[in-house]
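Visitor: First the structure, which I've put down as structure tokens, then a few questions once you've had a look.
The values are calculated or read from the model by the stated rules, or taken from the named source; none is laboratory data. Since we're looking at a predicted model, the values are computed, not measured. Glycine gets a Cβ as well: all are built from the backbone with ideal geometry, and neighbour counts include every protein chain shown.
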Amino acid sequence: MIKMNKEKLTPNIRFGGFNADWKKCNLGDGAVRIGDGLHGTPQYSETGKVAFINGNNLVNGKIIITKKTKFVQEEQQSKKDKLLNNDTILISINGTIGNLAYYAGENVMLGKSTSFLEVTKFDKKFMYQLLQTNKIKNYFFSNLTGSTIKNLGLNTIRETPCFVPLSEEQIKLGLFFSKMDNIITLEQQLLKDHKQLKKAMLQKMFPQKGETVPRVRFAGFTDNWEQRKLSELASHRGGTAIEKHFSESGKYKVISIGSYGTESKYVDQGIRVMSNEVTSKRIVRKNELTMVLNDKTANGTIIGRSLLIESDDEFIINQRTEIISPKNLFDPKFAYVVLNHPFREKVKKIVQGGTQIYVNYSAVENLTITIPLKEEQEKIGDFFKQLDETINLHQKKLETYQELKKAMLQKMFV
């Protein structure tokens, strides 16, 4: 006799007072209407007030209207568009498959990559979280249609199997995860605000083209900034090919082209190297910087980026990376800021190559940097270091909350 495995009908973690099994059903059982938008192109209007939206307009639970969003006149809206209401959840079914948003009364017309679910038979907030669980998403992605462009069919949504508890437990779960979403949204906004602050201060705390002083500076500093070539401010050492010296038991982390993140932070690729006659000459010292001279893409997302090394005896550089050693009149923390921002824009203008671009350090060190006196450099360097630390803190908190939510979805849903 074959022993059948009984499906587990209760979650691993649940609120006190609930012990009934969850009921197996389909997503379609929770909605009175499931449909999608216009299969075609509407007549756009520069004076239109109705936003024509698709799946990429659904971001973190909200409909986001961007500069690229086109508009139509109200008469273009279909009956389905006009029936959207407070019970509606929108889901992307093409391209950004699975993106979700609550409909909150926005004046919109749906495109074909946006589906709507009018949820009245399940709790709406519960349904919104249910759609984010791995079981539902995995079912969606294993049942997509189309070859080049994948689509999530309406019948697939209707027939997706799921488990749901009684109404009271649905409401509790929906509220719990909505509060968690609010915390995540707040952290996302704090992170965005601090990044925007940094961007603004980089504009204001460095002199603009043709100017000798910044528009914002610390009290007590009035002297003009001076232009110097990088070669006057720092000495340098070049890298070489060290791949044959890589070793899993190596003490040193390797800095190569893949070690530079788009935020100019070190990306640990897990590559290690031993110190020997060849590699020991490329050990980076504390308060030195490294600059990447190659980029595997034509758009130059990492070319010219620099890392500030904050510990001795930890890193060795590979080829196409240059060690930059600031001289006494060039503060390392200030150097990190200026090399990654105003100076890097100059570096990008002298790149060579096509699909893979590069610069030679002999050309880089002849570029000029506008600098203040050392004391003001130190103030600026400290300011941006603290700002970067705050940004990193919010980034880590956001990632922690997001991972916590994923774990709780796994444990609190069947």
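Visitor: Just checking, which of Ser362, Ser325 is in the same structural domain as Ile242 (by TED's automatic domain parsing), part of a helix (DSSP H, G or I) and either at pLDDT 95 or above or loosely packed, with under 14 Cβ neighbours inside 10 Å (or both)?
Guide: Sole residue among the options that is in the same structural domain as Ile242 (by TED's automatic domain parsing), part of a helix (DSSP H, G or I) and either at pLDDT 95 or above or loosely packed, with under 14 Cβ neighbours inside 10 Å (or both): Ser362.
Visitor: Would you mind finding the one in Lys192, Lys209, Lys199 that is within 23 Å of Ile303 (Cβ to Cβ), without any contact (Cβ under 8 Å) to a residue 40 or more places away in the chain and in a helix (DSSP H, G or I)?
Guide: After ruling out the rest, the residue left standing is Lys199.
Visitor: Another question, if that's okay. Can you find a residue that is outside the structural domain of Ser311 (by TED's automatic domain parsing), surrounded by fewer than 17 Cβ atoms within 10 Å (Cβ to Cβ) and within 31 Å of the chain's Cα centre (by Cα) anywhere in region 211-234?
Guide: Looking for residues that are outside the structural domain of Ser311 (by TED's automatic domain parsing), surrounded by fewer than 17 Cβ atoms within 10 Å (Cβ to Cβ) and within 31 Å of the chain's Cα centre (by Cα), one finds at least one in region 211-234, hence yes.
Visitor: Here's a follow-up. Tell me the residue from Glu378, Glu310, Glu345 that is closer than 20 Å to Ile255 by Cα and not hydrophobic (A, V, I, L, M, F, W, C), please.
Guide: Every option except Glu310 fails the conditions.
Visitor: Also, I was wondering about something else. For region 249-266, enumerate the residues that are assigned to a strand (DSSP E or B), buried (at least 20 other Cβ atoms within 10 Å of the Cβ) and not β-branched (Val, Ile, Thr).
Guide: Tyr252, Tyr260
Visitor: Within region 136-154, is there a residue that is β-branched (Val, Ile, Thr) and in contact with an Asp or Glu (Cβ under 7 Å, 6 or more places away or on another chain)?
Guide: Within region 136-154 (the criterion being β-branched (Val, Ile, Thr) and in contact with an Asp or Glu (Cβ under 7 Å, 6 or more places away or on another chain)), the answer is no, since none of the residues qualifies.
Visitor: To continue, here is another question. Conditions: (1) of a type outside the set (S, T, N, Q); (2) buried (at least 19 other Cβ atoms within 10 Å of the Cβ); (3) part of a loop (DSSP other than H, G, I, E, B). Phe52 meets all but one. Number of the miss?
Guide: Unmet condition: (3).
Visitor: While we're looking at this one, here's another question. Assuming Gly98 fulfils every condition listed in (1) within 26 Å of the chain's Cα centre (by Cα); (2) part of a helix (DSSP H, G or I) apart from one, which condition is it?
Guide: (2)
Visitor: If you don't mind, there's one more thing I want to ask. Mind counting the residues in region 65-118 that are more than 22 Å from Thr41 (Cα to Cα) and either in contact with an Asp or Glu (Cβ under 6 Å, 6 or more places away or on another chain) or of a type in the set (Asp, Glu) (or both)?
Guide: 3
Visitor: Could you run through region 397-414 and say how many residues are polar (S, T, N, Q) and either part of a loop (DSSP other than H, G, I, E, B) or without any contact (Cβ under 8 Å) to a residue 60 or more places away in the chain (or both)?
Guide: 1
Visitor: Identify the residue in region 301-322 that is on the phi > 0 side of the Ramachandran plot and surrounded by 17 or more Cβ atoms within 10 Å (Cβ to Cβ) and, among all such residues, is nearest to the chain's Cα centre (by Cα).
Guide: Ranking the candidates gives Gly304 first.
Conditions tested, residue by residue: (1) of a type outside the set (Gly, Ala, Ser); (2) outside any strand (DSSP E or B); (3) within 24 Å of Ile171 (Cβ to Cβ).
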residue: Ile34; (1), (2), (3): yes, no, yes
residue: Lys68; (1), (2), (3): yes, yes, no
residue: Glu75; (1), (2), (3): yes, yes, no
residue: Lys80; (1), (2), (3): yes, yes, no
residue: Asn85; (1), (2), (3): yes, yes, yes
residue: Glu106; (1), (2), (3): yes, yes, no
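Visitor: Sort out which residues of region 36-49 are acidic (Asp, Glu) and either closer than 8 Å to Phe71 by Cα or in a loop (DSSP other than H, G, I, E, B) (or both), and write them in order of number.
Guide: Glu46
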